[in-house]
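First up is the structure itself, then whatever we jot down about it.
Values in this text are rule-based calculations from the coordinates and carry no lab data. Worth saying up front: this structure is predicted, and the values here are computed from it rather than measured. Quick reminder, even Gly has a Cβ in these numbers, built from the backbone with ideal geometry, and neighbours come from all protein chains shown.
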Ligand SMILES: Cc1ncc(COP(=O)(O)O)c(C=O)c1O
């Protein structure tokens, strides 16, 4: 038997294996160097450094000791869905039925499932540019045609409804937005969301909104799509605990949508997920009912970090940034240095051991930016920015012509 096996992979597998923008290359290199003992500052990760609320861990241990280790209902545990329905009622002032909620192992999975239920391969998906880099893999897996609509970069990444309207065609089935936004920390205002929801419903278009940073806002509050939309049958919200509750590893997210959507999502989850961990759902229900003080503290911490980073950037010549309204990131504009974000990130890592993400991974309009994560305490941000300052003081090296 010397003939080697030459099995053919699916088209989806091949699409997922295609080259992407080298957004993670700098980060991966930084991890490698850190593992080799080099002194590296990682400002490229979006995983909260904060601890999960300790009493949530206690509640989880109780749940495990009670034997909550079996299959759970496909829609999710009723107690958690009721808790989320209460959160939704408080956020929107609109009653929410637990059957309008489906639990997923993380928002990523929720987004994948929603898009798989609503779109077919080859369909357009209208999405904001810049966008969270993780959407890219979902769109590829489902073979969706990404139609990026630029935020107003000159105006601190403000939302532009006319740009969305210009991108909609007779075949558009779905518009996907993210507010508060990753990477830009922008917030879509209540009136803009209302107008967008109305516009989409008039044209029979689904409107899906990723709200995973809804609790991490600073001066301006998040407006939920459920609050803004006058009709709820075409709108779908995705949220989760990874960011707000520093529970990224617990894998817990959810969808809020009309019954017609959640019934189909149930068919989908029953086929491909078959229920989320009972004890994680118990933990999530506990976290969402005992979190007021914790969330205030988390918000305050990120706000201080944001202020610190923005102040440092303002004092370094050659780079600039707008002040993000929410979330865990600051986008730094490096275009005045006459290099792009990728070149900046590569040189910064090479020369000073600081890892930031090149903006090109998030969209075309942020190629001249790098993203700095606030998932590091100020005692790490401080020396990291000292190095960034030194890097710029020493002068950017000429690069290959772009
Ligand atoms: C906008 C956005 N949506 C979704 C996710 C993924 O969330 P989860 O950990 O719940 O899958 C992230 C993670 O960075 C994100 O930034």
Expressed in nanometres to one decimal, the distance between label points 7 Å along Cα→Cβ at residue 387 and residue 143 is 4.4
Quote the relative contact order of the chain in percent (integer), defining contacts as alpha-carbon pairs under 8 Å separated by 6+ residues. 24
Honestly the range 54-292 on the Cα gyration tensor test (a ≥ b ≥ c root eigenvalues; a/c under 1.5 rounded, otherwise a/b vs b/c for prolate or oblate) is just prolate
If you average the C-alpha positions of the range 228-296 and of the range 335-402 separately, how far apart do those two centres end up, in angstrom? 35
Cα shape, the chain, gyration tensor, a/c 1.5 rule: rounded
What does the extension gain come out to for residue 33 and residue 70, with contour length at 0.36 nm per residue minus their alpha carbon separation? 9.2 nm
Counting only helical runs of four or more DSSP H residues, what would the 222 nm mean residue ellipticity of the chain come to if each run contributes -39,500 (n - 2.57) and the total is spread over all its residues? -12500 deg cm²/dmol
Tilt relative to the chain, helix 54-65 - C-alpha long axis, 0 to 90 degrees, to 10: 40
Suppose R0 equals 22 Å. What FRET efficiency, 1/(1 + (r/R0)^6) with r the Cβ-Cβ distance, do residue 230 and residue 292 give to the nearest 0.05? 0.15
Can you tell which of 182, 234, 204 shows the greatest fluctuation in a Gaussian network model of the chain with Cα springs below 10 Å? 204
Treating the angle as unsigned and between 0 and 90°, give the value, to the nearest 10°, between the Cα long axis of helix 292-314 and the longest Cα principal axis of the chain. 30
Classify the range 93-200 from the C-alpha gyration tensor, please: rounded if a/c falls under 1.5, else prolate or oblate depending on whether a/b exceeds b/c. rounded
Quick one: length gained pulling residue 301 to residue 120 fully straight, 0.36 nm per residue minus the C-alpha distance? 61.0 nm
